[in-house]
1. Does C:Asn116 meet the test of being surrounded by 19 or more Cβ atoms within 10 Å (Cβ to Cβ) and of a type in the set (S, T, N, Q)?
2. Within the group C:Arg173, C:Arg119, which residue is part of a helix (DSSP H, G or I), within 24 Å of A:Val163 (Cβ to Cβ) and without any contact (Cβ under 8 Å) to a residue 12 or more places away in the chain?
3. How many residues are within 13 Å of C:Gly148 (Cα to Cα) and either within 13 Å of chain B (Cβ to nearest Cβ) or of a type in the set (Gly, Ala, Ser) (or both) when one looks only at the range C:201-212?
4. Mind telling me which of the residues B:Val246, B:Val229, B:Val238, B:Val222 ends up being touching a residue at least 24 places away in the same chain (Cβ under 8 Å), closer than 21 Å to C:Asp192 by Cα, more than 12 Å from chain C (Cβ to nearest Cβ) and not in a strand (DSSP E or B)?
5. Here is a check on your reading of the model: is C:Pro113 touching a residue at least 40 places away in the same chain (Cβ under 8 Å), in contact with a helix residue (DSSP H, G or I) (Cβ under 6 Å, 6 or more places away or on another chain) and more than 14 Å from chain A (Cβ to nearest Cβ)?
6. Quick one: in the range A:186-196, which of the residues that are without any contact (Cβ under 8 Å) to a residue 60 or more places away in the chain and surrounded by 21 or more Cβ atoms within 10 Å (Cβ to Cβ) is farthest from A:Thr84 (Cα to Cα)?
7. Which of (1) away from chain C (no Cβ under 13 Å); (2) out of contact with any strand residue (DSSP E or B) (no Cβ under 9 Å at 6 or more places or on another chain) is the odd one out, the single condition B:Ala267 does not satisfy?
8. Tell me, yes or no, whether the range B:37-48 has at least one residue that is more than 8 Å from chain A (Cβ to nearest Cβ), more than 19 Å from the chain's Cα centre (by Cα) and β-branched (Val, Ile, Thr).
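The values are calculated or read from the model by the stated rules, or taken from the named source; none is laboratory data. Given the structure is predicted, the values throughout are model-derived calculations rather than measurements. Every residue, glycine among them, receives a Cβ derived from its backbone with ideal geometry; neighbour counts consider all protein chains shown.
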Amino acid sequence: MNVLKRMWRLPRGRIGICITVAVVLVAVFAPLLAPYNPYDIDQRDARRMRPGRGHWLGTDAFGNDILSKLIYGARVSLIVGLCTGLAVTVVGTFMGILAGYTGGWVDTVIMRACDVIFVVPGLPLMILLANYLGTKFYMIIVIFTVLGWAGMARMIRSQVLSVRSRDFVAASRSIGASKWHIMAEHILVSVSPLMIVNGVLNAAGVMVAEAGLSFLGFGDPTAISWGKMLFEAQSGHALLFGAWWWVVPPGLAIFVTVFGFMMAGYALEEVLNPHIPRRQAFSAMRRQMRKFAAGRGTCATAAVAGGAAAGTGGSRQGGVTRG
Amino acid sequence: MGSGECVLDVRDLATYFFTPRGCVRAVDGVSFSIERGVTLALVGESGCGKSATALSVMRLVPSPPGLIVRGSVKLDGRELLSLSEAEMCSVRGGDAAMIFQEPMTSLNPVYTVGAQVVEAIMAHHAADRRKARELAIELLHKVGIPSPAQRASDYPHQLSGGMRQRVMIAMALAARPKLLIADEPTTALDVTVQAQILDLISSLQEELNMAVLLITHDFGIVRQAADRVAVMYAGQIVEQGSAGEVLNSPKHPYTRALIDSVPVVDAPSGTRLVSIDGAAPNLLDPPAGCRFHPRCSRASARCREFEPELAAVGSDTHIARCAAGGGLRYDC
Amino acid sequence: MTVSSMGQPLLDVRDLKVHFPITSGLFRKVVGAVRAVDGVSFALEPGKTFGLAGESGCGKTTLARAILRLEEPTDGKVFFDGAEITSMSDAQLTAVRTGMQMVFQDPYSSLNPRLNVERIVSEPLRVHRVGTERERHERVAELLTTVGLPPDAAARHPHEFSGGQRQRIGIARALALRPKLIVADEPVSSLDVSIRAQILNLMRNLQDELGIAYVFIAHDLALVRNMSHKVGIMYLGHIVETASSDELFLHPAHPYTLALLAAVPGAETGGRARERARRFAPLEGDVPSPACPPSGCPFHPRCARATEECREAGVFPPRHELAPGHLVWCHHPLETE
């Protein structure tokens, strides 16, 4: 809770939280919000209608209401994004901790598996797997997880390697703690900020990838998603008809949602790793310094509001003097 | 002692750091001067402002967040605080040079040490590269590096910590500075190497007749290397005097406690150490009155209200910032 | 001396060696070894302090970690409370580990920044399943009081404390299982001068009250003399001289001990041994790498008294017992008057 509160204090955190909450609400309450049933083909014989009364975002080539499709599409994007993000985080973290802390042949095997996944070209493999395993959205989650855990595992492993050499791990070993105790008590809490932040960013990335896969026609054919809407727009020659309302709403929806997740992710990173200097804190400092140099401020008024301690970075120039 | 010719004169220097939490008065009205051939040791614990003082003298305080808010720093009569950045650049490594605690981070790992000394020479002398290289090898020889011609083509990581510090000293001395600032020059080194480096600094000081500002937390080093001592606490100098005066008859309770809290190698095993309670104050909000009063066993109501000034105690060169003035008498 | 009157030593280290392999190439072929600890023996009675002093790279930290089996010894034996721990399995070791604990040099790295003090201090209790949740909570409060911290510190995180307070937390953790031995690796060297005495006095009080034995490691000779009953001087993985603390500092016999003493800055206060030390030539050069130590006596390249005998390959200098308990490994020990 504290984390959310501190995220809310950052502008990007606020944007991220607002967008994410809004998209989730839209997805959950889709049946209540959507004016029409998006699966209901040939609605009142209203094909390719321009945006206007009745159909605020117009209709597609089959007469489906674009707004309703957009609202329902949030469900697939979110489910695929969140589930994959979660699965990748769990699998990647487990593998990363195991590889990093255990070392030896376990490390070698896991890291070689990662290498294999890295060198295999992602998109063709995805298409191949989608063809074999089917294109149900849970299969898409499985495919993304299989391809996505390696990056997470590698990142977590490198963090584990640096945490492992810290004295508190030696301290824990010296009191007789088992390997599993150390991994759970010390390693996991140390990598958790990295894990959470990358999980969120990963979810955003997967949403884009899901849209891409659907756009290529490999999405779940029975579910409406924003990627599939773009695919339909493409196959229905939207640009030929000048039907911008087929393209812009789903594109914008993807952009805004991913943007919101990224902002939330970056804000989370800033909150969980307070060592990153805060830009606005620095600019406030500069203002106070200038005021002081001009002889207007006093030390007491120079106290700048703001929670996190900032590093003492900055350029190495000579100080400004008043004399 | 030196010839009395003042090389560095610092008056009422104050450097504040503007952090998100508020204004840290790292250096708050520090005055001292160093004559030619004299070593002044600036002693204090971490966070007392001794390094910030040194960086302020060289105008190397990172800005932001740091700002020299008042005072004067005169090097050989020249006011450094009003120089332009370009003029200041020729002073750094020219008339005033500085060496740091960790020589590994101060040397560039991708150049050979020879190239870095050559660079330091050429920055201040219009010499051609061949001449500069000869000079560099001579300098490396002078700072006690064995077979300097070969070592010059080594990279910093190939040298030991002591050798790296010698290279730093060679670079600092390239322009025959009038002032050498040594910021904890031996803290990262072993005790036998520390002795070598301290000897080197003092023999070079004699040869070049430099003023040395030695920053340290170790009274043993002070005893060995310093002519005069200034003890800093919470951004201020609390006691200043000749090394003998300050070490043998400290007049400020903090100096006294600091000296007594450090075990001496000649004292028998099991000697009880005097400990100072509490921790150094937060400079965001230093205590009112005397800054040492919350930790001082002799503090009175007066100490909590009035900030004492530096006043002469005993001899005219020995000053201390204590409400008890020169009246502090110790049993021994 | 009191060596024999105390009976069985609490800790007995016999000819302990820790070598780290140097590997090279794709297949990690072993091409050599860093002899970090190369045959160290000493014994420590209950409730006493053994001080280990030496320059960086002399192997004192590795020795400390090997005693606790945080590093696996290559050879040699360690007896703790009569039991040989070097050959124990991990499971057997867990039980022994309640009796020996470690205090680390860096109070920033040795406390997990993401856990609160309660979790940090109670970790040993939880690992060994001591008491109920409630009892552990009470024990933590008791431990914090013992080391001079307010009991409400339990709910806070390490970053809210200063270096000295953090080191107190580290000591509280080490005390949790009521150990008989604490290995303290440079416990005050990262602390401020005025804070050091607080921690040293705390450690000494704990020894007086709880009868804890310390292996006290430091590079500062004054500190080692002050804190220890017995002292060993280490050089390149060997103890070159050992004696009771005052004996060693008043009558140093190994040229290296003398050189170390001479190098301690602040010579005005020199005692008689220091007078002698200063007459002795100051030490030149650096400590050689433990990956390729000099043959014969490891100190001979820096020693003013070295002879052909000292350089002879493969022969470590013989042991001389100059006084009861005062051992020196040198061909030409300095005469003690």
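1. Values: surrounded by 19 or more Cβ atoms within 10 Å (Cβ to Cβ): no; of a type in the set (S, T, N, Q): yes.
Here the answer is no, as C:Asn116 does not meet what is asked.
2. Values: C:Arg173 fails: without any contact (Cβ under 8 Å) to a residue 12 or more places away in the chain.
When all the criteria are applied, what remains is C:Arg119.
3. Filtering the range C:201-212 for residues within 13 Å of C:Gly148 (Cα to Cα) gives C:201-203, C:205-206.
After this cut, where a residue has to be either within 13 Å of chain B (Cβ to nearest Cβ) or of a type in the set (Gly, Ala, Ser) (or both) as well, the list is C:201-203, C:205.
Within the range C:201-212, residues that are within 13 Å of C:Gly148 (Cα to Cα) and either within 13 Å of chain B (Cβ to nearest Cβ) or of a type in the set (Gly, Ala, Ser) (or both) number 4.
4. Working: B:Val229 fails: not in a strand (DSSP E or B); B:Val238 fails: not in a strand (DSSP E or B); B:Val222 fails: more than 12 Å from chain C (Cβ to nearest Cβ).
Matching residue, one of B:Val246, B:Val229, B:Val238, B:Val222: B:Val246.
5. Taking the combined requirement at face value, the residue does not satisfy it.
6. A:His186
7. (1) is the only condition that B:Ala267 fails.
8. Residues of the range B:37-48 more than 8 Å from chain A (Cβ to nearest Cβ): B:37-48.
Retained after the next criterion (residues that are more than 19 Å from the chain's Cα centre (by Cα)): none.
No, there is no match, as no residue in the range B:37-48 is more than 8 Å from chain A (Cβ to nearest Cβ), more than 19 Å from the chain's Cα centre (by Cα) and β-branched (Val, Ile, Thr).
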